[in-house]
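Heads up, the thing below is written out as structure tokens.
Bear in mind these aren't lab numbers, they're just calculated from the coordinates by the rules spelled out. The structure presented is a predicted model; accordingly, all values stated were derived computationally and were not measured. No Cβ is skipped: glycine too gets one built from the backbone with ideal geometry, and neighbour counts run over all protein chains shown.
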Amino acid sequence: MNDIVFAKPWVLYFLLIIIPLLVWYYFTHRSVPTVQISSTAAIEKMPASIRQYLRHILFALRLVILCLFIIILARPQTSNSWENISTQGIDIVLAIDVSTSMLAQDLKPDRLEASKDVAIEFISGRPNDRIGLVIFSSESYTQCPLTTDHSVLINLFKDVKSGVIEDGTAIGVGLATAINRLKDSDAISKVIILLTDGVNNQGAIDPITAAEFAKTFNIRVYTVGVGTEGEAPYPYQDMFGRYQLISVPVEIDEEVLQQISDVTNGRYFRATNNDKLRQIYAEIDKLEKSKIDVREFSRKEEEYLPFAIAAFVLLIVEFILRRVFLRTVP
């Protein structure tokens, strides 16, 4: 059980009022009232009444109730505490291709939205990990740095759209940006999940060169190729602004993606539909489990309720005693 502390400890000084109250009660109740009668013979043999022994209990109850109210006003709370626990967690950066080809609808509703939905499920299932987000097409930038605030990360992930960067597929640049986010991390395990549906055709950094950099910093890269086999339906806008689905060839540079994963001791996966993509993230989730120390914080809890209940019960007891058992005749 946590120690009790007080939000307003200075209020406890009011407990000192008990001392003058006790002194006052002692001097005002020590004298015994007298009555003149002709003879005491009739009452000498009468047993002492319990009322004589209980005549001071009302004052004692009122003092206790006063002390309880002072304690309540001082706001008793459980003390703050830090606890070191061992749990599962790693540093992960998701590098997601947002080129226009990710709008192909072989995954539902399209490749990009399916990738976002599954990735958000993955993020929600790893509450102890620091996770970041990098997006790329012809260039790349960090949408969210490494963070444990997954609600912020998920909201930023939902805002990811195709077309915010000039079109193209710069796999090497996207990988390099993700590496830059992880290279200074002191986590036990550092991982990049790189997802793309195309061939590297932009950027000044070769994907294999970027993979060598990842290996230097002990970063493991899992690569995911997204797209069905053969051709995929793609929304095409004609000269009148009308959209229609056309079939486009699926071109994924599986050889390069496989090389990236091999160099960094990761794995390559191919997601041809929504279920397969979900299975891939589930498998990565199982592969990446590392123990880290997490410092947990216990918040303050108000603890006035037991004192309030005790004061209320004693008020009822005092009322019953005063009105029933110790009632005086006016």
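For this structure, a couple of remarks:
- For residue 17 and residue 147, the FRET efficiency from 1/(1 + (r/R0)^6), where r spans their Cβ atoms and R0 equals 45 Å, is about 0.30.
- Among beta bridges identified by DSSP and lying wholly in the stretch 85-295, the antiparallel ones come to about 40 percent.
- Calculated over the stretch 85-295, the projected area of the Cα convex hull averaged across directions stands at 11.2 nm².
- Quotient of C-alpha Rg and 2.2 N^0.38 Å, computed over the stretch 149-252: 1.32
- What the Cβ-Cβ distance of residue 108 and residue 323 gives, at R0 = 56 Å and to the nearest 0.05, is a FRET efficiency of 0.15.
- Cleavage-rule hits (chymotrypsin sites (Phe, Trp or Tyr not before Pro)) in the stretch 186-232: DSSP loop, at most 14 neighbouring Cβ within 10 angstrom: 217
- Treating r as the C-beta distance of residue 217 and residue 283 and R0 as 35 Å, the FRET efficiency rounds to 0.90.
- Length gained on full extension, residue 138 to residue 6: 41.6 nm, using 0.36 nm per residue less the C-alpha separation.
- The slack in the chain from residue 201 to residue 247, taken as 0.36 nm per residue of separation less the alpha-carbon distance, amounts to 14.4 nm.
- Here the spin labels are modelled as points 7 Å beyond Cα on the Cα-Cβ line, and at residue 124 and residue 158 they lie 1.1 nm apart.
- One decimal place: the segment residue 265-residue 308 gains 9.3 nm when fully extended, by the rule 0.36 nm per residue minus the C-alpha distance.
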